[in-house]
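**Q** Here you go, one structure.
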Amino acid sequence: MTMSPTTAEPVETIRLRVNGVTHEAQVPPRRLLSDALRHDLGLTGTHVGCEHGVCGACTILVDGQPMRSCLMFAVSAQDYELTTVEGLTRPDGSLGPVQQAFKDCHGLQCGFCTPGFITTITAGIAENPDPDRAEARDMISGNLCRCTGYQNIVASVLRAAEIQREDAQNGDGEEQGR
Amino acid sequence: MKPAAFTFQRPTELSEALAAYAANPGAKILAGGQSLIPLMSMRLTTVSELIDINGIGELSFIEASEAGVRFGALARHAELHAHEEARRVQPMLHAALSHVAHATIRNRGTTVGSIVHADASGEMPVVLTLLGGTLTVASTEGRREIAADDLFIGPLETALESGEIAVEAFVPALPARHGIAFDEIARRHGDYALCGLGVVLGLTEDGGIESVRAGYISVTETPIVVDLTECFPDGIDASSLVAAGEKALEQLEPEGDIHASAEYRAQLARTLTARVITAAHADAKARLFQEVTA
């Protein structure tokens, strides 16, 4: 264990596997996973809102399951395959199904909450590929948006599921929802 | 909103964790962390050392048998919620877990962790009490079982001794001719309940009421179970349901806060008592019918 040059606090070397890439970072144990992603790895797609698990903006996928990155420590996250919003594009870098659906349906305004919605919905439609409106609302009930009034986000869930089903029919959806 | 500094250990064997905890009783155990980490981030609590038990594979299990459901300290709420056999053996688990926070929190949070957090606004401490479950704790001295009735001794306070780690919990199976229901009312879906309750209702062989027990959330400082059987000598009707609500309130201590006044919480307790007993009665009748026709 070495000391951080700026805080004189002991730091550990950790390895985080994010979007298929292994990153190494020196962090103190108290570093929240959300902060490690943003500050240590420079992956600023994950947004930090309330920082106590209520708002859902920082939601990422941990082994494919949505979890709050502000409610995990980076040192605890080394055994998992992490996926952030940056990892949800198509292999060619174009928008993934959920991202495309948000664009199609105007599912965002300021965009601050959007990364948490994208990750949550990606896992949601992997589990339920054909949600109805009530199921779509339930899927996003742990995420707060202060701009849209949610109507267009619900529409985006349904549209994302539709794009995903089209992808599956065309046989090109395997890369998504890792 | 950042936790204060702490030292960190991540044992992969339970014996290592127990030794580390014995060496530093001021340490805190980290399982799901969905209650502990917000408390640390808001600096409502500070810990000198965190012992992360997530690497201890033997704590990650769910076993459902005809006797009941046993689950380890790393069984996530979501895993227990989705466990078909656990749901068949003791349906109260699934019913109550549906109300624990949001799905995203349930993916990380653990049911045993939620029990030993001992928040009377939490669902699972009350469920353990209502079902007459037990908690198994371990220390370097050995293991012991604590009955739910002896576990919760104050707000966020349990009977665990210094150096003891909660390793598993057990809830007995739902007996024959019994039914369950669970409901709560919260300001927002997934938020803390203003009031909630779970009911286990038993029928006699000819379909009369044998027992009615109700466990309440957010209206006392520690989990409470009220026996309401005496309110239903002649079955369930509108007036007996009203009487049950009043009887329950004799033992509840609803308090007012920024979310709801004491009077409003009391009214929720009356309304929910009638609603959930009615649902548990319907559930018991449906199960009795299945048992008779099976």
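The values are calculated or read from the model by the stated rules, or taken from the named source; none is laboratory data. All values derive from a computational prediction rather than experimental measurement. Don't worry about glycine lacking a Cβ; one is built from the backbone with ideal geometry, like all the others, and counts go over all protein chains shown. Ligands, DNA and RNA are stripped out before the accessible areas are found, and what is left, the full protein with its side chains, is counted by its heavy atoms. Shrake-Rupley method; radii C 1.70, N 1.55, O 1.52, S 1.80 Å.
**Q** Mind checking which residues of region B:207-235 are touching a Leu at 6+ places or on another chain (Cβ under 6 Å), assigned to a strand (DSSP E or B) and open to solvent by less than 20 Å² (accessible area, probe 1.4 Å)?
**A** Selection gives B:VAL212, B:ALA214, B:GLY215, B:TYR216.
**Q** For region A:50-92, how many residues meet the condition of being surrounded by fewer than 24 Cβ atoms within 10 Å (Cβ to Cβ), on the phi > 0 side of the Ramachandran plot and at the interface with chain B (Cβ under 9 Å from one of its Cβ atoms)?
**A** Number satisfying all stated conditions: 1.
**Q** Limited to region A:22-47, what total is found for residues that are among the charged types (D, E, K, R) and either at the interface with chain B (Cβ under 10 Å from one of its Cβ atoms) or surrounded by fewer than 17 Cβ atoms within 10 Å (Cβ to Cβ) (or both)?
**A** Initial filter on region A:22-47 (among the charged types (D, E, K, R)): A:24, A:30-31, A:35, A:38, A:40.
In the following step, the residues that additionally are either at the interface with chain B (Cβ under 10 Å from one of its Cβ atoms) or surrounded by fewer than 17 Cβ atoms within 10 Å (Cβ to Cβ) (or both) were identified as A:24, A:30-31, A:35.
Count: 4.
**Q** Consider only pairs whose beta carbons are under 6 Å apart and that are at least six residues apart or on different chains; among these, list those whose first residue lies in region A:20-34 and is more than 18 Å from A:GLU9 (Cβ to Cβ) and whose second residue is open to solvent by 10 Å² or more (accessible area, probe 1.4 Å).
**A** Pairs that qualify, where the first residue is more than 18 Å from A:GLU9 (Cβ to Cβ) and the partner is open to solvent by 10 Å² or more (accessible area, probe 1.4 Å), are A:THR22/A:ARG15; A:HIS23/A:LEU41; A:GLU24/A:ARG15; A:SER34/A:VAL48.
**Q** Between a first residue in region B:1-29 that is within 14 Å of chain A (Cβ to nearest Cβ) and a second residue that is part of a helix (DSSP H, G or I) and open to solvent by less than 50 Å² (accessible area, probe 1.4 Å), which pairs have beta carbons less than 6 Å apart while being 6 or more apart in sequence or on different chains?
**A** B:MET1/B:SER41; B:PRO3/B:MET40; B:PRO3/B:SER41; B:PHE8/A:VAL75; B:GLN9/B:ALA20; B:PRO11/B:ALA17; B:ALA27/B:TYR21
**Q** B:GLY32: part of a loop (DSSP other than H, G, I, E, B) and away from every other protein chain (no Cβ under 12 Å), yes or no? First the steps, then the outcome.
**A** Values: part of a loop (DSSP other than H, G, I, E, B): yes; away from every other protein chain (no Cβ under 12 Å): no.
No: the conditions fail for B:GLY32.
**Q** Follow-up question, since we're still on this one. Step by step: first the residues of region B:50-65, then only those that are part of a helix (DSSP H, G or I) and more than 13 Å from chain A (Cβ to nearest Cβ), then the one that is least open to solvent (accessible area, probe 1.4 Å). Which residue is that? It would help to see each step written out before you state the result.
**A** Let us first name the residues in region B:50-65 that are part of a helix (DSSP H, G or I), namely B:57-59.
If we keep only those that are more than 13 Å from chain A (Cβ to nearest Cβ) too, we end up with B:58-59.
On the way: B:GLU58: 105, B:LEU59: 5 Å².
Checked region B:50-65; the qualifying residue least open to solvent (accessible area, probe 1.4 Å) is B:LEU59.
**Q** So, A:PHE102, is that one open to solvent by 50 Å² or more (accessible area, probe 1.4 Å) and over 22 Å from B:ASN107 (Cβ atoms) or not? Explain how you work it out, then say what you get.
**A** Working: open to solvent by 50 Å² or more (accessible area, probe 1.4 Å): no; over 22 Å from B:ASN107 (Cβ atoms): yes.
For A:PHE102, the condition - open to solvent by 50 Å² or more (accessible area, probe 1.4 Å) and over 22 Å from B:ASN107 (Cβ atoms) - is not met.
**Q** Also: Conditions: (1) of a type in the set (D, E, K, R); (2) outside any loop (DSSP other than H, G, I, E, B); (3) within 14 Å of chain A (Cβ to nearest Cβ). B:ARG108 meets all but one. Number of the miss?
**A** (2)
**Q** With the requirement that a residue be within 14 Å of chain A (Cβ to nearest Cβ) and not charged (D, E, K, R), what does region B:66-78 give you?
**A** Correct list: B:LEU74, B:HIS77, B:ALA78.
**Q** Run down B:VAL100, B:VAL126 and say which single residue is under 24 Å from B:VAL276 (Cβ atoms) and within 14 Å of another protein chain (Cβ to nearest Cβ). Explain how you work it out, then say what you get.
**A** Values: B:VAL126 fails: within 14 Å of another protein chain (Cβ to nearest Cβ).
B:VAL100 is the lone residue from the list that is under 24 Å from B:VAL276 (Cβ atoms) and within 14 Å of another protein chain (Cβ to nearest Cβ).
**Q** Taking region B:126-154 only, how many residues are closer than 14 Å to B:ARG213 by Cα and assigned to a loop (DSSP other than H, G, I, E, B)?
**A** Number of matching residues: 2.
**Q** Answer yes if at least one residue in region B:41-49 is under 18 Å from the mean Cα position of the chain (by Cα), part of a helix (DSSP H, G or I), modelled with pLDDT of 95 or more and outside the structural domain of B:HIS94 (by TED's automatic domain parsing), and no otherwise.
**A** no
**Q** Keeping to region B:161-201, report how many residues are among the aliphatic types (A, V, I, L, M), assigned to a loop (DSSP other than H, G, I, E, B) and surrounded by fewer than 19 Cβ atoms within 10 Å (Cβ to Cβ).
**A** Here is the first cut: in region B:161-201, the residues among the aliphatic types (A, V, I, L, M) are B:165-167, B:169, B:171, B:173-174, B:176, B:180-181, B:185-186, B:193-194, B:197, B:199-201.
Still in the list and also assigned to a loop (DSSP other than H, G, I, E, B): B:173-174, B:176.
Retained after the next criterion (residues that are surrounded by fewer than 19 Cβ atoms within 10 Å (Cβ to Cβ)): B:173, B:176.
Looking only at that region, the number is 2.
**Q** Go through region A:115-136 and report how many residues are out of contact with any Ser or Thr (no Cβ under 8 Å at 6 or more places or on another chain) and facing chain B (nearest Cβ under 10 Å).
**A** 3
**Q** So, one more: Only one residue in A:ILE140, A:ILE153 is open to solvent by less than 30 Å² (accessible area, probe 1.4 Å) and closer than 25 Å to B:GLN34 by Cα, so which one is that? Walk me through how you get there before you give the answer.
**A** Working: A:ILE153 fails: closer than 25 Å to B:GLN34 by Cα.
Unique residue meeting the criteria: A:ILE140.
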